[in-house]
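Asker: Handing you this structure, nothing more for now.
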Amino acid sequence: MNDRTKTISLALVIAIGMLATIGLAQFIDARRPPADVSANDENLYLNARTAKRISLGFNGLAADWYWMRSLQYVGRKIIDNQNNASLDDLSQLDLRLLAPLLENATTLDPEFLDPYEYAAVVLPAIDVQEAIRITRKGIDANPNAWRLYQHLGYIYWQQHDYATAAEVYGRGAAVPGVPPWMQAMKARMAAEGGSRDTAREIYTRMFEQSADDKVKDMAHRRLLQLDSLDQRDDLHKLFVAYQTRTGRCPATWRDINFPAAPLDPSGAPYVLKPGKCEVELGESSEIIVK
């Protein structure tokens, strides 16, 4: 077969793949139910097995389609909610279709890692059991993808199941080529799973390792939250010392020798609670509250 023939054959394969994907989209759209103004969500028109059967062998392209649809689905919900949602806590949004969409993407292409990682980060606030199931499904299909062990450990850590989190990190640490800190995370989970230092380690590694800008932003925001909690602990110690000396809580920042309100890690000033030895975040703060 000469080069010209090879080029023509490759072009035909690409064209057939594009036509199959377009056909799949048209098949779905043709079965779209009538608009219902009382409904919050569109239906999932095809389950994973049906989508795989009609994709004519171009499962990767169909998986990409479902993956992009998942991102658009979440993005549209956030916009409709006037952007008052963070990636790691979308529980206030009605995202009933997210798990089925990610299920379709991962069934069509079991080696496509992005949907698994997205499920691990986003789904726990919506349906933690689905998040665990899809992430474990990803590990079964990709046993050497150590980041999936990292994400599964993160889910169990969020649930305060530190023993299972340690076991998952330990399994991930046995994967060839895994970074040494995975083994260290197993030990840390077993010894101090609920500590702030453990949380800092988890979000630092997530920020360093993720290729998704939204995940990196979420991890960065969580690290700022942890820094703020440390700052507030230090301020509380100053308040207690002042109360011990004077019998009252500080009324102004000058009482504890601050010329002005200290700034939180997002650059917003802290606010003294009147009559209490406590500090709270200001209205302009970008620090995550919970």
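Asker: Could you list all residues from segment 240-270 that are closer than 17 Å to S228 by Cβ and either in contact with a Ser or Thr (Cβ under 9 Å, 6 or more places away or on another chain) or among the acidic types (D, E) (or both)?
Answerer: Within segment 240-270, F258, D264, P265, S266, G267, A268, P269, Y270 meet the criteria.
Asker: Do you know which residues across segment 185-204 are in a helix (DSSP H, G or I) and surrounded by fewer than 19 Cβ atoms within 10 Å (Cβ to Cβ)? Don't jump to the end; show me each part of the working.
Answerer: Taking segment 185-204 and keeping what is in a helix (DSSP H, G or I), we get 185-192, 196-204.
Residues satisfying the conditions are A187, A190, A191, E192, R196, D197, T198, A199, R200, E201, T204.
Asker: To continue, here is another question. From the residues in segment 225-242 that are aliphatic (A, V, I, L, M) and surrounded by fewer than 17 Cβ atoms within 10 Å (Cβ to Cβ), which one is nearest to the chain's Cα centre (by Cα)? Steps first, answer last, please.
Answerer: First pass over segment 225-242, keeping only residues aliphatic (A, V, I, L, M): 226, 229, 235, 238, 240-241.
Filter once more, so that each one left must be surrounded by fewer than 17 Cβ atoms within 10 Å (Cβ to Cβ): 229, 238, 240-241.
Values: L229: 21, L238: 36, V240: 37, A241: 40 Å.
This residue is L229.
Asker: Read through the list (1) in a helix (DSSP H, G or I); (2) closer than 24 Å to I288 by Cβ, then give the number of the only condition that A211 fails.
Answerer: (1)
Asker: How about segment 133-172: which of its residues are assigned to a loop (DSSP other than H, G, I, E, B) and within 11 Å of Y116 (Cβ to Cβ)?
Answerer: Narrowing segment 133-172 to residues assigned to a loop (DSSP other than H, G, I, E, B): 142-145, 159-161.
Hits for segment 133-172 are N142, A145.
Asker: Being free of Cβ contacts under 8 Å to residues at least 24 places away in the same chain and assigned to a helix (DSSP H, G or I) is the filter here; which residues of segment 174-184 pass it?
Answerer: Of everything in segment 174-184, those that are free of Cβ contacts under 8 Å to residues at least 24 places away in the same chain and assigned to a helix (DSSP H, G or I) turn out to be Q183, A184.
Asker: Give segment 146-160 a look and list any residue that's touching a helix residue (DSSP H, G or I) at 6+ places or on another chain (Cβ under 9 Å) and over 20 Å from S210 (Cα atoms), or say none.
Answerer: Our first condition is that a residue be touching a helix residue (DSSP H, G or I) at 6+ places or on another chain (Cβ under 9 Å); within segment 146-160, this holds for 146-159.
Residue satisfying the conditions is Q159 alone.
Each reported figure results from applying straightforward, stated rules to the coordinates on display, with no laboratory input. Since we're looking at a predicted model, the values are computed, not measured. Neighbour counts run over all protein chains shown; Cβ positions are idealised from the backbone, glycine included.
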